[in-house]
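Structure first, then comments.
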Amino acid sequence: MNRRYFGTDGVRGEFGGAVINPAFAARLAEAAARWRGPPGTVVIGRDTRESGAVLLGALTGGFQAAGWRVVDLGILPTPAVARAVRQQGLDLGVVITASHNPARDNGIKFFGPGGIKFNDEEERAIEARLPAQPASFPAPPDATQDAIPDYLDALAGVLPAAGLTGWKIVVDAANGATTQTTPVLLERLGAEVVRIGASPNGHNINADVGSEHPAQLAARVVATGAVVGITHDGDGDRCVLCDEEGGILDGDEILTILAQTAIRDGTLRQGILVITQQSNLGVDAVVKAAGGQVRRTDIGDRYVAEKMREVAASLGGESSGHIICDEIAPTGDGLGAALKVLQVMLNSGAPLSQLRRVLKKFPQQTGALPVARKPPLNTCQQLASVMSDLERELGDSGRLLVRYSGTESKLRLLVEGPTEAVVAAAYERLKTAALADLT
C-alpha cells in the first residue's frame, strides 16, 4: 500500500491546505501516539514559520488525547530535536517544518527511538490509524525545554576551543531555525561571524536566502574577505558551503572531501560512503580511487540513514546538503557537517578552494517541471520511450534519473554524460517528452 500523506521527508504542503492544517495535524499526532504507545513523552521543535505555533497547539491536542506528555522545545534545528530524542531516551519527537520550502508551506517530521526517522512501513501504519475526527485543539504543551545549549555543547567538541580565532566566516541562516545556533557556536569557537538571513519574522524563511539561494552568501564572502561561507535550509539539516573565492560547494563536494580525508585517516567505517541516486558519478570515482566503496540509495536522507545502519557506515548524505556523520547525529546536521569541513581545513591548512578540487564532476544537468498529476512513469509513453533510448545511448558513460518529488508537485530530471553537449541534448529530449505526457 502506498503512503497517502507522507513523502520523502514527512508530511508537507501549503498551510491551510488539505493536509497541513490544524485539524489534520491533531489527527496525525493522535495516530502516531496510539501507534507508538504506550503513552510517554514527546518533544516538539519547529522552525520560524508563523504557522508553526498554530500547528504546535494542534499536535499537542492530538498527543494529549492519546495520553502523551508534550514538551515544547521551541525554535531549533531539526538535528537538535533528533538529538534530544536520543539523549533523553524518548520514543517520539516531532519537528514542525517545511525545510527549504517557502514560508507559505509547513510540514511535520517524526523521529522514533534513537532519534531515527520513521521508515515507509511505520508511516503507512500511522496513516492507517488516522482517526476520523481530531481531538480537541489547540492545547498548551505540558512543559517547555531549551534544547539549544546541550546541542551546541555537543557540537563544540568537534573543533578545539578557540580553534577558529582569526577566521572570518559568513553565515546565512535562511531566516530559519539556525539563526541562534550556527553563528553563535562559531563565535564561541573564536570566529568573527558576518550574519545574513538572520532576522526571521515568520514570513521570510528561505526568501532569497539559505541553501537554495546561495548567491548572496557568495557575494558577501568575497566582499568581506571571509575564509568560508556557510548556509543552511530553513530547519538546519542541510549544509551548503562557499569557498574564499566565492565558489559554491554542494553536498557531493562536501561528502567527497570528508570521505577522502576519512579514508586516508582510517576513520571511514567499513570504508563505505553512502550516497543517493542523485549524486554525481564523480564521487564514486574519487572514493574508489582512495580505496573506499560507495553504496547508493533512493532519494531522501532517511534512506541514506537506513543504509548506513545496514552496512555500519559512518558517513553518508545527499547532493542537496544533507550530510549524516553518525558520531554527531542520526540525521542530517548542517552545522555538524560544516564543522567537519572546518576541521579538515584546520588540520590540512588548505583553503576550501583547494580542497574542493578533489572532485571532478561528470557533466550534469538537473531540473524540475511542475505537474498537476503523478501517473506511473511507465505509463507515460513518450517519456518512457525517450528514457529507454537515452539509457541505451549513454551506456556506462552516463546516466539519467527521472522521479516525482516526494514533497512537491514536480517531476525531477537529471542527466549525466561524458560531455556538456551530450548532456544538454539528452536533457532537452527528456524534458520535451515529459512535457508532452504530463502537461
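The residues listed here are ILE126, ILE96; of these, the one that is touching a Leu at 6+ places or on another chain (Cβ under 6 Å) and either among the charged types (D, E, K, R) or surrounded by 20 or more Cβ atoms within 10 Å (Cβ to Cβ) (or both) is ILE96. Taking segment 176-190 as the range and being out of contact with any helix residue (DSSP H, G or I) (no Cβ under 9 Å at 6 or more places or on another chain) and either within 18 Å of ALA218 (Cβ to Cβ) or aliphatic (A, V, I, L, M) (or both) as the test, only PRO183 passes. Residues in segment 1-33 that are of a type in the set (Phe, Trp, Tyr) and within 23 Å of the chain's Cα centre (by Cα): TYR5, PHE6, PHE15.
Conditions (1) crowded, with 24+ Cβ neighbours inside 10 Å; (2) not hydrophobic (A, V, I, L, M, F, W, C), marked per residue:
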{"position": "ALA32", "(1), (2)": "yes, no"}
{"position": "ALA65", "(1), (2)": "no, no"}
{"position": "PRO79", "(1), (2)": "yes, yes"}
{"position": "GLY114", "(1), (2)": "no, yes"}
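Residue by residue, here is whether (1) out of contact with any Lys or Arg (no Cβ under 8 Å at 6 or more places or on another chain); (2) under 30 Å from LEU189 (Cα atoms); (3) in a helix (DSSP H, G or I); (4) not charged (D, E, K, R) holds:
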| site | (1), (2), (3), (4) |
| --- | --- |
| ASP72 | yes, yes, no, no |
| VAL81 | yes, yes, yes, yes |
| ALA84 | yes, yes, yes, yes |
| ASN101 | no, no, no, yes |
| GLY107 | no, no, no, yes |
| GLY114 | no, yes, yes, yes |
| ILE126 | yes, no, yes, yes |
| ASP150 | no, yes, yes, no |
| LEU159 | yes, yes, no, yes |
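Surrounded by 17 or more Cβ atoms within 10 Å (Cβ to Cβ), β-branched (Val, Ile, Thr) and not in a loop (DSSP other than H, G, I, E, B), is that true of VAL287? Judged against the criteria, VAL287 is a match. In segment 309-322, the residues that are under 12 Å from GLN270 (Cα atoms) and in the same structural domain as GLN260 (by TED's automatic domain parsing) form no Cβ pair under 6 Å with any partner that is among the acidic types (Asp, Glu) and in a helix (DSSP H, G or I), whether six or more places apart or across chains. Remark: pairs (first residue in segment 398-423, within 18 Å of ARG4 (Cβ to Cβ); second residue buried (at least 21 other Cβ atoms within 10 Å of the Cβ); Cβ separation under 6 Å; 6+ apart in sequence or on different chains) = TYR404/LEU411; THR407/ARG12.
The values are calculated or read from the model by the stated rules, or taken from the named source; none is laboratory data. Computed from a prediction, not measured in an experiment: that's the story for all the values here. Note that each Cβ is placed from the backbone with ideal geometry, even for glycine, and that neighbours are counted across all protein chains shown.
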